[in-house]
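These notes concern the structure reproduced below.
The values are calculated or read from the model by the stated rules, or taken from the named source; none is laboratory data. Because the structure is a prediction, the values reported are computed rather than measured. In this analysis, Cβ positions are derived from the backbone assuming ideal geometry, glycine residues included, and neighbour counts consider all displayed protein chains. Please note that ligands, DNA and RNA were not included when accessible areas were found on the heavy atoms of the full protein model with its side chains. Shrake-Rupley method; radii C 1.70, N 1.55, O 1.52, S 1.80 Å.
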Amino acid sequence: MQANGGAKKRVLIVGGGFAGMYAALELDKRLARRADVSVTMVDRQNFFLFTPMLHEVAASDLDITSIVNPMRELLKHVTFLQGDVTQIDLASRRVVLQHCGGTEHGVLEYDYLLLCPGATTNFYNLPGLSENARTMSSLRDAVELRNALIESLEEAEVDCVLGDTPLLTYVVAGGGFAGVETLAAMNDFVRECLRFYPHLNEEMVRVVLVHDGDYILPELGAELGQYAKQELEKRKVEIVLKTKVTGYGEEGVQLADGRSIRPVVFVWTAGVTANPLVRTLPCQTERGRLLANEFMEVPDHANLWACGDCAYIVDPKTNKPYPPTAQHASRMGKVVGQNIEAAICGGTKKPFVYSSQGALAAIGRRTGVALIMGMKFSGVFAWMLWRAIYLAKLPRLEKKIRVVAEWTMNLLFPKDIVQFMSLNAPLVQNTLSSSTARNQSETGQTVEPGNGLLSPSQPFADSGEVR
C-alpha cells in the first residue's frame, strides 16, 4: 500500500482524539478542499469518542452509540484511514500503517505530520495492577465495566440463594475527574439495580475511593473537593485520602498503610502516560511527552507538530505544561490546524495561549460541582451546568437529540441491566455439544439438527447473541 507520490502537499494526522479531530475539522475547512493539498487522518477507531460522558455509558444512563460519531461523517474532505501507526521514519517522512487486525502493513508518505496519538494508562509498574485493574479511557472500557457490575450482582444473587456470603466491594483508585465521576456512576448504578435482586440489600455493598491527595477533585480546589467528599459519603461511599495503592495481590488491592481490600471490581484512573509511539522517535521529551514550542512545532524537525496529551507545551502564564484535558486538546487542535495552513500557504503562525474557562464534575444523584471563570457552583445547578455545557460540545445534532431523549427516559424508567456482548451463550453451546458427543459415544445414536439439540456446527439462530 503506497501513497500517491504526486505534487500534492500531503498532511498526515496521527490520532483521532480531541486534538486530532479538532485539527482535522479545522483543516477540513481550510485546506482539504484544495486540489493541491491532501489531508489524511489515521486512527485505530473509526469514530470520535466524547470521553466526558463515558461514565454515563458505564452506568447505563446512555447507549454505547450515543457519545460516538463516525469519523467519515464528521470529516467531509479529509481522508480517514483506520489502522495503527507502528513506526515513524522522520528522515524519509514515512509512517508504517498496520490494519487493526494486524494482518497487513503499508507505508504512507507525508510532507507535514501532526502527532496527537493521545495517552495510555500508566500503572507505574505497580505489581498486579495491569492484570487485575480495569481502566476507564475507551468505549470498550465503559462497556466492560458495565458488564462487570451487572455480573457481580448476578453472582452475588446466586451466592445468597446457595447460602454463601456475596462479595460486593468496588474500589476505584484516583480522585481526579475520571475517578470521581466513574465511582459516583458505579455507586448509583449498583445501588439502584438492587431492586431487581431480591436477596441483596444495600448493607452488602461497599464502594471505596482511594486517593493520595488531601482532597478529591484537586483541580477544583479544596472547598469543592470537600463538598464532593461529603456528598459521596452521604451515599455510603468510603473515601480513603492521603493513601496510595501499592499493588494488587492475593488479598486484593494493597494500600500504603498496610491495609488490603478485596474487590469484585477494581478500576484504576490514577495515572496516564503518553502513547508508547512517542518513545520511538528521536525527539526531545519531557516527562515522557514530546517537547513542542508555542506553535506546537517539535524542535529540530521541520514540518512536525505535536499537540494534545502526548505533547509537552508550556503555558507562558504559569511556566507549567498545559494539562492533558479535552478542553485544552480541542483548542490546541484548532490552533495547530491554522499553523499548518500558514506553513503550507504562507502566513503568520499563531502561538497557543489558553487559560482554562473552568471545570465541572458530575458526582451522581443529580449533583455536581463546577468552577466556572472563578465562580464556584455545587448541587443540582452545577449538575445542570455539566449537562448543558457538555451537551453543547457534543458533535452533531443527531447525537445531541439522542442524548436528551435518553436522559429523559432515565427520569421515567429504571436502569437497564442487560449485559452487552455476553459470552454465556457460546459456553452453553459448547456444553450441549460435549454432552451430545458423550451420549452418542455411549449409545451409538446420532442426534440430528432439528430435534431440540444443536450440532457442534449449528449456530444459535435466534439466541440474541451479539456478534
Rounded to 10°, Cα long-axis angle of helix 380-393 versus longest principal axis of the chain: 60
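Among 330-339, 40-49, how do they line up from the highest to the lowest mean number of other beta-carbon atoms within 10 Å?
Working: 330-339: 23.3, 40-49: 19.8.
Output ranking for 330-339, 40-49: 330-339, 40-49.
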Whole-angstrom gap from the range 80-109 to the range 243-276, using each part's C-alpha centre: 35
Principal-axis tilt of helix 139-161 within the chain, Cα atoms, nearest 10 degrees: 10
3J(HN,Hα) from dihedral phi, the range 328-335, Karplus parametrisation 6.51/-1.76/1.60, rounded to Hz, x for glycine, proline: 6, 4, 5, 6, 4, x, 5, 5
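Quick one: which of LYS29/LYS350; LYS229/LYS400; LYS229/LYS334; LYS8/LYS29; LYS29/LYS349 span more than 26 angstrom between C-alpha atoms?
Values: LYS29/LYS350 17 Å; LYS229/LYS400 31 Å; LYS229/LYS334 36 Å; LYS8/LYS29 17 Å; LYS29/LYS349 17 Å.
Violating the 26 Å Cα-Cα cut-off are LYS229/LYS400; LYS229/LYS334.
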Mean ellipticity per residue at 222 nm, deg cm²/dmol - from DSSP H runs of n ≥ 4 across the chain, formula -39500 (n - 2.57): -10000 deg cm²/dmol
Calculated FRET efficiency for the pair THR86/GLU192, C-beta based, R₀ 41 Å, to 0.05: 0.40
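Starting from the Cα-Cα distance between ASP212 and LEU241, subtract it from 0.36 nm times their residue separation and give me the gain in nm to one decimal. Before the final figure, lay out the partial values.
Working: separation 29, 0.36 × 29 = 10.44 nm, distance 0.56 nm.
Computed gain between ASP212 and LEU241 is 9.9 nm.
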Eligible aspartates and glutamates near LYS76 by straight Cα distance, threshold 13 Å, same-chain separation 8 or greater: GLU26, ASP28
Globularity index of the range 139-186, i.e. its alpha-carbon radius of gyration over 2.2 N^0.38 Å: 1.36
Projected-area average for the range 31-110 over all orientations - Cα convex hull basis, square nanometres: 7.1
Reference-scaled alpha-carbon Rg (2.2 N^0.38 Å with N residues) for the range 1-136: 1.19
Table column - 3J(HN,Hα) (Hz), the range 244-253, Karplus curve with 6.51, -1.76, 1.60, x for Gly and Pro: 9, 7, 9, x, 9, x, 5, 8, x, 6
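Under the Kirkwood approximation for Rh and a Cα-based Rg, what ratio Rg/Rh is obtained for the chain? It would help to have the intermediate numbers written out before the result.
Details: Rg = 25.0 Å, Rh = 24.6 Å.
Here Rg/Rh amounts to 1.01.
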Reach of LYS399 by Cα under 13 Å, taken over aspartates and glutamates that are not fewer than 8 positions away in the same chain: ASP63, GLU73
Net lengthening on full extension, ASP300/GLN284 (0.36 nm per residue, minus Cα-Cα): 4.8 nm
Per-selection Kirkwood Rh - the range 143-229 (Cα, Å, 1 d.p.): 14.1
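As a test of reading the structure, rank ASP111, ASP212 by solvent-accessible area (1.4 Å probe, protein chains only), most first.
On the way: ASP111 30, ASP212 90 Å².
In descending accessible area the options line up as ASP212, ASP111.
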Label-point separation, ARG44 to VAL314 (7 Å along Cα→Cβ), nm: 3.3
Heavy-atom SASA rank of GLU157, GLU131, GLU144 (probe 1.4 Å, accessible area, largest first): GLU131, GLU144, GLU157
Contour minus Cα-Cα distance for ALA222 and GLU251 (0.36 nm per residue): 7.2 nm
Neighbour-limited loop hits for GluC sites (Glu not before Pro), the range 220-303 (at most 12 other Cβ within 10 Å; DSSP other than H, G, I, E, B): GLU250, GLU251
